[in-house]
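**Student:** Quick one: the structure is below, and I'll ask about it shortly.
The values are calculated or read from the model by the stated rules, or taken from the named source; none is laboratory data. Remember, predicted model here, so these are calculated numbers, not experimental data. We place every Cβ from the backbone using ideal geometry, glycine too, and count neighbours over all the protein chains shown. Protein only, heavy atoms only, side chains kept; ligands, DNA and RNA dropped before computing areas. Shrake-Rupley method; radii C 1.70, N 1.55, O 1.52, S 1.80 Å.
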Amino acid sequence: MLESGQELSARFVLVRRLGTGGSGEVWLAQHRERGCFVALKILRDDLTQDVAAITALQREYEHVRALDHPNILRVDGVHRAARHTWIAMEYASGGDLSQLRGRGYREVILNAALPIASALAHAHRAGVVHRDVKPSNVLLSSDGAPKLADFGMALVVS
């Protein structure tokens, strides 16, 4: 069981849970070496030794690490400790795209849709198809910039 204050390695200290998904949880963590916050996508305990789950997490990291675009959430790497496996990524503190519900369509198109379309085009040029674009997979940075996240369902095409 994960809890606030828990150290995953000498590098990361858990602060609070941000969400849960099918394969695990996402936590806000303090990155000790950099002195900043990051998000950690941590596999469920029962998947920590599951080769397929670890391979899927590694594949997600590989898909994203080469995609250098201002509207694609940056990933830092896949990490393992005795009891946990996780992917470290940029922390987007502004919530997700659902924060823009009810706003004018021009604001949504200019501030979110066009930048995410640019991110998708960039990924497609690199041969990566996201396959799971939805409001919860578009995160907002502290300044409101949209960041395409969660490439777990991505497909690489040639």
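**Student:** Name the single residue, out of those in the range 75-87 being surrounded by 16 or more Cβ atoms within 10 Å (Cβ to Cβ) and out of contact with any Phe, Trp or Tyr (no Cβ under 7 Å at 6 or more places or on another chain), that is nearest to V51 (Cα to Cα).
**Tutor:** T85
**Student:** Under 8 Å by Cβ, and 6 or more places apart or on different chains, what pairs join a residue from the range 72-85 that is part of a loop (DSSP other than H, G, I, E, B) with one that is among the small types (G, A, S) and open to solvent by less than 50 Å² (accessible area, probe 1.4 Å)?
**Tutor:** What qualifies is L73/A92; L73/A149; A81/S9.
**Student:** Moving to a separate point now. Inspect the range 103-119 for any residue being in a loop (DSSP other than H, G, I, E, B), surrounded by fewer than 18 Cβ atoms within 10 Å (Cβ to Cβ) and not acidic (D, E) and give the result as yes or no.
**Tutor:** Scanning the range 103-119 turns up at least one residue that is in a loop (DSSP other than H, G, I, E, B), surrounded by fewer than 18 Cβ atoms within 10 Å (Cβ to Cβ) and not acidic (D, E).
**Student:** Which residues, taken from the range 58-71, are among the hydroxyl-bearing types (S, T, Y) and touching a Phe, Trp or Tyr at 6+ places or on another chain (Cβ under 7 Å)? So that I can check it myself, show each step before the final result.
**Tutor:** Taking the range 58-71 as the starting set, the residues that turn out to be among the hydroxyl-bearing types (S, T, Y) are 61.
If the condition is that a residue be among the hydroxyl-bearing types (S, T, Y) and touching a Phe, Trp or Tyr at 6+ places or on another chain (Cβ under 7 Å), then no residue fits.
**Student:** If I go through the range 20-46 residue by residue, how many of them are closer than 23 Å to S136 by Cα and either touching a Cys at 6+ places or on another chain (Cβ under 8 Å) or surrounded by 13 or more Cβ atoms within 10 Å (Cβ to Cβ) (or both)?
**Tutor:** Of the residues in that region, 16 qualify.
**Student:** In the range 135-158, what count of residues is obtained for those that are closer than 20 Å to L40 by Cα and either open to solvent by 60 Å² or more (accessible area, probe 1.4 Å) or among the polar types (S, T, N, Q) (or both)?
**Tutor:** Qualifying residue count, the range 135-158: 5.
**Student:** Could you count how many residues in the range 47-57 are out of contact with any Phe, Trp or Tyr (no Cβ under 9 Å at 6 or more places or on another chain) and either open to solvent by less than 60 Å² (accessible area, probe 1.4 Å) or under 22 Å from H122 (Cβ atoms) (or both)? Steps first, answer last, please.
**Tutor:** Taking the range 47-57 and keeping what is out of contact with any Phe, Trp or Tyr (no Cβ under 9 Å at 6 or more places or on another chain), we get 47-56.
From what is left, the residues that are either open to solvent by less than 60 Å² (accessible area, probe 1.4 Å) or under 22 Å from H122 (Cβ atoms) (or both) are 47-48, 50, 53-54, 56.
Going through the range 47-57 one residue at a time, the tally reaches 6.
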